[in-house]
1. Mind jotting down the distance between the C-alpha centroids of region 111-129 and region 20-77, whole Å?
2. How large is Rg over Rh for region 47-131, taking Rg from the Cα atoms and Rh as the Kirkwood inverse mean of 1/r across Cα pairs?
3. Would you mind checking the pairs 64/118; 66/190; 63/201; 189/210; 4/151; 64/190 and listing those with alpha carbons more than 28 angstrom apart?
4. How many nm is it between the label spots at residue 206 and residue 83, if each spot is 7 Å from the Cα in line with the beta carbon?
5. Could you compute the FRET efficiency for residue 153 and residue 91, with r as their C-beta to C-beta distance and R0 at 25 Å, rounded to 0.05?
6. Distance in nm between label sites at residue 131 and residue 102, each 7 Å beyond Cα in the beta-carbon direction?
7. Suppose R0 equals 25 Å. What FRET efficiency, 1/(1 + (r/R0)^6) with r the Cβ-Cβ distance, do residue 140 and residue 193 give to the nearest 0.05?
8. For q values of 0.07, 0.08 Å⁻¹, compute log₁₀ I(q)/I(0) with the Debye formula on a Cα-only model of region 5-228, without solvent.
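Please treat every number below as a calculation from the coordinates, not as lab data. No experiment lies behind these values; they were computed from the predicted model shown. Note that we place each Cβ from the backbone using ideal geometry, even for glycine, and neighbour counts take in every protein chain shown.
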Amino acid sequence: MTIKRISTGIPALDSLLSGGFKKNSVNLVAGGAGTGKTIFAMQFIIDGIKKGEPGIYITFEEKKEKACEDMLEFGWDLKKYEEQGKFTYLEYNPEQVKKILTEGGGIVESIIEKTKAKRIVIDSVTSFSLLYEDELTKKEASLALFELIDKWDCTGVLTSQDESKDDNTITSAMEFEVDGIILLYHVKKKGIRERALEILKMRGTKIPEKTISMEITSSGIKVDPKKVVEF
Ligand SMILES: Nc1ncnc2c1ncn2[C@@H]1O[C@H](COP(=O)(O)OP(=O)(O)OP(=O)(O)O)[C@@H](O)[C@H]1O
Ligand SMILES: [Mg+2]
């Protein structure tokens with residue numbers, strides 16, 4: 001059986017991932033402040049909407065009005081898609097996300113049923129994982145969340161704020177449990193900052209072992225697989 005792939009929203013990245021994320025997988029997009037996590041997540045959602053796969057975006061950090069305004073810069077009209085029932089923006093706090101788990105879905109599940117959402121984003125999971133004190137409960141909560149995403153027949157992108165990613169090691173429970181991890185960088189070299197993207201892991205997928213150049217353009221994130229970035 002061939003694995004069904006879901007586009008990441010970045011064509012050149014899909015080509016590095018045998019076509020994209022595995023359907024129903026959960027993928028972490030990690031990076032420091034301003035590395036492009038939110039733009040990546042939104043681009044994934046917009047790509048879905050354009051392909052008839054509605055999306056749901058859950059965030060603790062960004063205010064809806066501001067986020068909608070920022071995304072218009074890329075030509076992504078979230079308000080319009082929301083009116084059309086193809087997109088849902090949920091301002092949720094970590095406690096509310098935790099409640100989704102204890103209730104086994106709750107309101108998010110009913111929204112997914114109603115809108116037939118196929119792509120889900122949580123931006124970011126950093127504050128959510130802080131709710132859990134030890135690695136074991138964190139791991140259990142992560143697994144419960146991933147099971148729900150799979151049960152909903154959705155493919156997920158979770159963002160995570162990660163400042164200390166220089167050594168590229170997987171440390172947190174969440175990172176062990178996700179199907180894929182993409183790292184975003186914005187690193188200073190000789191006084192100039194460069195953006196780059198690295199696929200750290202992708203279960204069931206052959207991945208390149210190089211960190212590639214990334215750009216944020218007026219139409220969103222673009223990567224150049226031929227351009228390897230050396231830090
Ligand atoms: N319209 C645009 N055109 C080009 N670059 C942009 C545009 N809008 C934002 N950017 C760049 O993208 C960066 C922010 O990207 P984004 O909000 O996705 O980062 P983030 O990783 O989510 O940050 P945070 O950790 O603060 O949530 C900005 O700092 C800016 O450099
Ligand atoms: Mg962000």
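1. With region 20-77 and region 111-129 each reduced to a Cα centre, they are spaced 10 Å.
2. Working: Rg = 13.0 Å, Rh = 13.4 Å.
Result: Rg/Rh = 0.97.
3. Details: 64/118 21 Å; 66/190 33 Å; 63/201 31 Å; 189/210 18 Å; 4/151 16 Å; 64/190 37 Å.
The pairs that break the limit, which is 28 Å between Cα atoms, are 66/190; 63/201; 64/190.
4. Simple spin-label model gives 4.7 nm for this pair.
5. The formula returns an efficiency of 0.55 here.
6. Taking the two extended label points, one gets 0.8 nm.
7. On the way: r = 38 Å, r/R0 = 1.53.
Computed FRET efficiency for residue 140 and residue 193: 0.05.
8. One equal scatterer on each Cα of region 5-228 leads to -0.20, -0.26.
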